[in-house]
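Participant: Quick one: structure below, then a few questions.
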Amino acid sequence: MKEKRWLLAAEQEENARQLAGELHLGKLTARVLAARGFTSREEAAGFLTRSEVGIHDPFLLKDMDKAVAEIRSAIKQGVKIAVYGDYDVDGVTATCILVQQLKKMGAECLYYIPDRQGEGYGLNVGAIQSLYDQGCRLLITVDSGITAQEEAAFAARLGLRLIITDHHECKETLPAAVAVVNPRRADSQYPFRELAGVGVAFKLICALEDQRDIGALLREYADVVAIGTIADVMPLIGENRVIVSYGLEYLRNTQNAGLKALMQKLGLDVKPLTSNSVSFVMAPRINAAGRMGGAVCAARMFLTEDPQEAGDLAEHLCQLNHQRQEEENEIYEQILAHIQAQPELIRGKTLVLWGDDWHNGVIGIVSSRLADRYGLPCVLISMSGDSGKGSGRSIKGFNLYAAMEKNAAFLEKYGGHELAVGVTIRRENLEALRRGLEEYAQQMQTEEIVPCIGVDCQVAPEELTMKEVRDLGVMEPFGMGNPQPVFLMRDAIAEEITPISHDRHIRLHLRKNGRDFQTFVFGMGAKSCRFVEGDLLDLVFSAEMNRYRGAETVQLVAKDVRWARREQEADQTAIESYQRFFGGQSISQEEAQLLTPTREDLVAVFRHIKANGEDGCLILAGETLYRKVRHEARACGKMNLGKLLVCLDIFQECGIFSYGRQDGELMIRLENYQGKADVNGSSVLKRLLTILKG
């Protein structure tokens, strides 16, 4: 795995002091705003204000006037209307709010959400034909359709009028339709490009209700629009920030029976609601319906007015999410085992893998986990016979959509944006796509792609008071474009390391300057944790309030953890001395002292390997192994990485262990040694002792 680069923003002390004083902000909040480039009171106040003034005129969107005229005409003439959505949270929420609005206006209206497994993303001619056969003569897409040129032509041949509303990247030629409403159109003059699909649908509603006050429309729809916007990871700036701010406020007392039931089911009805609540608790349950082939279930939950049905549907979504997690983990573990057997797969600049009958609904999540784990753009393709459907996720700095455009000759179909794509491909083109993406990455990326974490500022423990952490809430809602503040703390001691959630995560009890913090490291179980109790750590993290049984404390959520800088420098010094010694170069007596093991050191290393090896083998990073030995054996307080390797060389010379190094890990195997070893006869040890004697 690539080590993430921490990008620490330049400290703006004077700026921060002024913002704190002029806007009555907490010191931490002011430091974050200053670090993010807010240089004046007006800029910062403008960002923090969440006013209806930030909602733009919907008719600034190209073709909005045409769309409104067509819909009003259709309703007046009694034309049956179909809303064509998508199976993710953005698409489902967009479908539901538009259906609700059209029915309020008296339209005869139905909706259609394609099946992820059988149909895939976007418009398809089979669905268009079916809707036409049901009597629909106006079709409105939400969160889809912007690249559906052939499907638009098919609809036109049938005599089915088409309005496209979407927010995905446009190709050079737009589909032929009555109206194409998309803030990303090349000819768009709309002030804000980053609306979600549900945001564009909301703008259509605002245009249809242009005589109503925007505040009333926000009260009616913002809760659902906020969920779709957050779930689709849209930047929470500008118009999105306003919509989501109102939405989170109204969500607490939502009138939507389905949302109310889901919140009760998840325990969110008694907790503070934040963008994180939506992203990590609500959205996965709603998304699970589409991923597991039942997006209509989620739509029914949003549309029902029956509390009993709402509760049943919310429960069903939770069950589907559990199934999704099981499918996801099975594929993820299968791929990790495959990579372990073939480590060359992750030595390039991209990762493209395929498998038969992987669940299409979860490979996008698995792809995201792999991209994060290995710091590589990742595309996973589920094959069924000669055809496959894939999902890709990228990392900042690599435009995966552009890479697909360059390799379009190998694809049947593709779509998406810079960080996420979906593809359809024939089996005979799989290897060509893998080579093509790798060649594209090699040409486009002269430097290695390294995942980065932006850090707002370095903090001392005494700065993380409850008041300061609470005050950070004025920057909510957090999300893409306005991430939760990230801080750096150096030289914290790991007092305890506790596995939680069946060892899927760990809780670190950290101490520094007499202050204690509970820190959660998600996605790192105790078995995969490199750290040992007593280690000195640097970490980047977000800080939040934890409320438990009426008591409040500050808790940290780690974004990344590594050994402290001085620890890493000590490791580097030890390994350089070892490499000079191992290479036959002369080393000083001080270096020999650093490398020479005592009898206690040798015994401790031997015992640990023998006790922890599985099937006579132990695979572990050397940096972790020597720290484990040092932690277990108090007599080995001066154990270091170079000394550990010397111990292994001595054992290998004596025929007790054999070992090698690959991809940063030691692979140690216990040999079938009989009798008592004479480590004092080791030539390695004798050389070191000779240097010590001078």
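The values are calculated or read from the model by the stated rules, or taken from the named source; none is laboratory data. Computed from a prediction, not measured in an experiment: that's the story for all the values here. When we count neighbours, we look across all protein chains shown, and the Cβ atoms used for this are built from the backbone with ideal geometry, even at glycine.
Participant: Could you tell me whether the stretch 120-128 includes any residue that is part of a helix (DSSP H, G or I) and touching a strand residue (DSSP E or B) at 6+ places or on another chain (Cβ under 9 Å)?
Facilitator: yes
Participant: In the stretch 35-43, is there at least one residue being assigned to a helix (DSSP H, G or I) and more than 30 Å from the chain's Cα centre (by Cα)?
Facilitator: So far as the stretch 35-43 goes, yes, one or more of its residues are assigned to a helix (DSSP H, G or I) and more than 30 Å from the chain's Cα centre (by Cα).
Participant: OK, next. Return the residue satisfying two criteria in turn: it lies in the stretch 541-581 and is among the aromatic types (Phe, Trp, Tyr) and surrounded by 15 or more Cβ atoms within 10 Å (Cβ to Cβ), and of such residues it is farthest from Leu28 (Cα to Cα).
Facilitator: Taking the candidates together, the pick is Phe581.
Participant: So, one more: Can you tell me which of Glu405, Glu412, Glu418, Glu431 is in a strand (DSSP E or B), in the same structural domain as Asp356 (by TED's automatic domain parsing), charged (D, E, K, R) and surrounded by fewer than 21 Cβ atoms within 10 Å (Cβ to Cβ)?
Facilitator: The match here is Glu412.
For (1) in the same structural domain as Ala222 (by TED's automatic domain parsing); (2) under 21 Å from Phe192 (Cα atoms), each residue gets a yes or a no:
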{"position": "Ala10", "(1), (2)": "no, no"}
{"position": "Lys27", "(1), (2)": "no, no"}
{"position": "Arg36", "(1), (2)": "no, yes"}
{"position": "Lys66", "(1), (2)": "yes, yes"}
{"position": "Ile75", "(1), (2)": "yes, no"}
{"position": "Val92", "(1), (2)": "yes, no"}
{"position": "Gln100", "(1), (2)": "yes, no"}
{"position": "Lys104", "(1), (2)": "yes, no"}
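Participant: Okay, moving on. Please verify whether Val554 is closer than 30 Å to Gln484 by Cα, of a type in the set (A, V, I, L, M) and out of contact with any Ser or Thr (no Cβ under 7 Å at 6 or more places or on another chain), treating the condition exactly as stated.
Facilitator: For Val554, the condition - closer than 30 Å to Gln484 by Cα, of a type in the set (A, V, I, L, M) and out of contact with any Ser or Thr (no Cβ under 7 Å at 6 or more places or on another chain) - is met.
Participant: Something else: Could you please let me know if Val474 is of a type in the set (A, V, I, L, M, F, W, C), in a helix (DSSP H, G or I) and in contact (Cβ under 8 Å) with a residue 60 or more places away in the chain?
Facilitator: The answer is yes for Val474.
Okay, residues lined up against (1) of a type in the set (Val, Ile, Thr); (2) within 23 Å of the chain's Cα centre (by Cα):
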| site | (1), (2) |
| --- | --- |
| Gln264 | no, no |
| Gly267 | no, no |
| Ser275 | no, yes |
| Val281 | yes, yes |
| Gly290 | no, yes |
| Ala299 | no, no |
| Phe302 | no, no |
| Asp306 | no, no |
| Gln319 | no, yes |
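Participant: Exactly one of these conditions fails for Glu496: (1) at pLDDT 90 or above; (2) part of a loop (DSSP other than H, G, I, E, B). Give me its number.
Facilitator: The failed condition is (2).
Participant: Follow-up question, since we're still on this one. In the stretch 198-222, what count of residues is obtained for those that are more than 15 Å from Arg50 (Cβ to Cβ), crowded, with 17+ Cβ neighbours inside 10 Å and without any contact (Cβ under 8 Å) to a residue 40 or more places away in the chain?
Facilitator: 2
Participant: Val603 is checked against (1) more than 23 Å from Glu567 (Cα to Cα); (2) touching a residue at least 40 places away in the same chain (Cβ under 8 Å) and fails just one. What number does that condition carry?
Facilitator: (2)
Participant: Within the bounds of the stretch 656-679, is there any residue that is part of a helix (DSSP H, G or I) and either in contact (Cβ under 8 Å) with a residue 12 or more places away in the chain or surrounded by fewer than 23 Cβ atoms within 10 Å (Cβ to Cβ) (or both)?
Facilitator: yes
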